[in-house]
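One structure below.
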Amino acid sequence: MDGLTKADGLMSEGLRYWSDKYKKPTLKPSSYDRLMQTIEYQIIPYIGNYMIQKVSTDDIQDSIINRMQKQGLSHSSIKKAYEALNGFFRQYVVEQKIVFNPMVGVILPSKSQFNTKQLQVLSGDEMKKFISVAAQKLKKGECRYRYGYGLIFVLYTGLREGEALALQYKHLDLKNRKVRIEQNLVMVTDGSGNKKRRPLIQRSVKTEAGVREIPLCDIALEAISNHIALYYTGNDEEYVFKTRTGTHLTPHNISKAVNQVFKRAKIDASGMHILRHSFASYLFAKGLEVKYISKILGHSSIQITYDTYVHTDFEQLKQIVTAI
């Protein structure tokens, strides 16, 4: 088949063919995986049995956009469905299979209509407690937490979860007190319809600005030095975060590990993202300029850094780190 399916075909067939032919070759595996999740779970179950040429603006507005909003899905999720359908119908117009793109009249709800989640960060005391618990030793001198020092390192570098899991020893330069970030671990499906996901290392990160070097503070340097002393075998190609059998640590594994530390430290928190947010807030409270914080975090623009962190009350941020 050279082009798209015929306009009198079903939406389900057309969307799957369009995504495979036009999107798969241009997207990273993780991005293609997210697109297919949107198509399979948010679009096809609701308009998949419609004929492509019969789908109206009202069908999409009511069955996709408004339904997703009523179900409490995020603005980001709704936007992904909107963009997928717009790209799909635009391609049909380009190939002259249909004369009108029904997405032209579809209204994407304003971001202001969605509740913004409160940014959760660790206080100064909580950061101290986290370090103390993560570095705990058992009676025989063994580490209580295999990834404890690694988690302290993440807390004081602001790495994204996927960046931390893709980190190799070759990326560490302790002599010059820096770490280079240039790849990312993502969980993807194999494209066969099997929902089981596997880890995949992408030789690129979330944004172009994500490729960066991060200077190491004393706490981060000490933490990663302790981790190296315990687990480094001399192979620079090995991953810093790995299982006892040498396989990739997954996001599920590392989230379980950090939550165990939170629980023992009696910190009401969950998930790796809190470590990144806490580091960013710590830098803000210490008075570092936003352009430098943005560069350390690997944000694609300073505006993203502002939008994520500056709305947090500055006095609150100061209180977070007064005990550090």
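The values are calculated or read from the model by the stated rules, or taken from the named source; none is laboratory data. Everything quoted here is computed from the prediction, not taken from an experiment. No Cβ is skipped: glycine too gets one built from the backbone with ideal geometry, and neighbour counts run over all protein chains shown.
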Margin query: I'd like to know if the range 20-30 contains one or more residues that are under 18 Å from Met103 (Cβ atoms) and in contact with a Ser or Thr (Cβ under 6 Å, 6 or more places away or on another chain).
Written below: no
Check: Within the group Lys6, Lys21, Lys28, which residue is surrounded by fewer than 17 Cβ atoms within 10 Å (Cβ to Cβ) and under 23 Å from Arg197 (Cβ atoms)?
Finding: Lys28
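Over 25 Å from Lys128 (Cα atoms) and charged (D, E, K, R): which single residue out of Glu238, Glu289 fits that description?
Glu238
Of Ala280, Ala223, which residue is under 17 Å from the mean Cα position of the chain (by Cα), surrounded by 15 or more Cβ atoms within 10 Å (Cβ to Cβ) and either closer than 22 Å to Gly141 by Cα or in contact (Cβ under 8 Å) with a residue 24 or more places away in the chain (or both)?
Ala280
One line per residue, one yes/no per condition, for (1) within 30 Å of Phe262 (Cβ to Cβ); (2) out of contact with any strand residue (DSSP E or B) (no Cβ under 8 Å at 6 or more places or on another chain); (3) modelled with pLDDT under 95; (4) not polar (S, T, N, Q):
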position: Phe89; (1), (2), (3), (4): no, yes, no, yes
position: Glu95; (1), (2), (3), (4): no, yes, yes, yes
position: Ile98; (1), (2), (3), (4): no, yes, yes, yes
position: Val104; (1), (2), (3), (4): no, yes, no, yes
position: Ser112; (1), (2), (3), (4): no, yes, yes, no
position: Asn115; (1), (2), (3), (4): yes, yes, yes, no
position: Ser132; (1), (2), (3), (4): yes, yes, no, no
Notebook entry, point to check: Any idea how many residues of the range 56-77 are modelled with pLDDT of 95 or more and among the hydrophobic types (A, V, I, L, M, F, W, C)?
Noted result: 3
Item checked: Lys6, sole failed condition from (1) assigned by the TED database to the domain that holds Ala81; (2) not in a helix (DSSP H, G or I) -> (1)
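Find the helices (runs of 4 or more DSSP H) located wholly in the range 235-318 whose residues include 1 or more that are at pLDDT 90 or above, and list them. Before you say what the answer is, go through the steps one by one.
Details: elements: 251-264, 273-285, 290-297, 302-305.
By residue number, 251-264, 273-285, 290-297.
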Next item on the list: Give the number of residues within the range 208-220 that are surrounded by fewer than 17 Cβ atoms within 10 Å (Cβ to Cβ) and at pLDDT 95 or above.
Entry: 5
Note to self: Could you check the range 180-205 and list, in sequence order, the residues that are modelled with pLDDT under 70 and of a type outside the set (Val, Ile, Thr)?
What the structure shows: Asp190, Gly191, Ser192, Gly193, Asn194, Lys195, Lys196, Ser204
Notebook entry, point to check: Quick one: which of Ile254, Ile293 is in contact (Cβ under 8 Å) with a residue 60 or more places away in the chain and within 21 Å of the chain's Cα centre (by Cα)?
Noted result: Ile254
Next item on the list: Could you run through the range 279-298 and say how many residues are more than 18 Å from Gln120 (Cα to Cα) and small (Gly, Ala, Ser)?
Entry: 3
